[in-house]
Structures are given as structure tokens and as C-alpha cells.
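Written below as C-alpha cells is the structure these notes are about.
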Amino acid sequence: MAKGTVPADIAAMGFEEAMKELERIVRELESGQVKLDDAVKAYERGTALKTHCESKLAEARTKVEKITGIGKALGLEPASD
């Protein structure tokens, strides 16, 4: 997976679903019961999930800023959705 790219299955997830899976991965890794190869794969997936969640939060923040007028002060256009 190239840096900054998110697998299609993760890109299709909503924020809550991605966050839930990310939390599961963190618990699994923190348990220390994961084999090294599996831990590396889980870490990579967790990184992609984190990136996706951050993107979803940024989108939401932009929409709220547009709705509340904060975005207007920053020169943003009104949300079209």
C-alpha cells in the first residue's frame, strides 16, 4: 500500500465503523498475543484506518465551519450537500 492511500474497503467505511475496527486492532496489538507478521499487517491496516478517520473528521469540520459561518470568515464556500 502506497503512503497516503487507503484500501477500497476502508474508504467505503463510515467513520464509526472505521473507528470501531481501529479500536479492535489497538486492543489486539496491546494484548501482546499477536504474531509479528500479523502485528505488522494489523499496524498497517490501523494506520490506514487512522488516516481514513482523520479525513472523515476533516470533512465534517469543514462542513460545520461552512454551516456556522466560521468558514465564511476563512473564505470557504457554503456546503453544497
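The values are calculated or read from the model by the stated rules, or taken from the named source; none is laboratory data. The model shown is predicted, which means the values in this text are computed figures rather than measured ones. With ideal geometry, Cβ positions are generated from the backbone for all residues, glycine too; neighbour counts draw on all protein chains shown.
Worth pointing out:
Rundown of residues vs (1) buried (at least 16 other Cβ atoms within 10 Å of the Cβ); (2) modelled with pLDDT of 95 or more; (3) among the acidic types (D, E), yes/no style:
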| position | (1), (2), (3) |
| --- | --- |
| A8 | no, yes, no |
| A18 | yes, yes, no |
| D37 | no, yes, yes |
| G71 | yes, no, no |
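- Just one of (1) among the β-branched types (V, I, T); (2) at pLDDT 95 or above; (3) surrounded by fewer than 11 Cβ atoms within 10 Å (Cβ to Cβ) fails for V26. It is (3).
- Residues of the stretch 1-37 classified as in contact with a helix residue (DSSP H, G or I) (Cβ under 9 Å, 6 or more places away or on another chain) and assigned to a helix (DSSP H, G or I), total: 11
- Filter result (over 20 Å from V6 (Cβ atoms) and of a type in the set (A, V, I, L, M, F, W, C)) within the stretch 20-38: V34, L36
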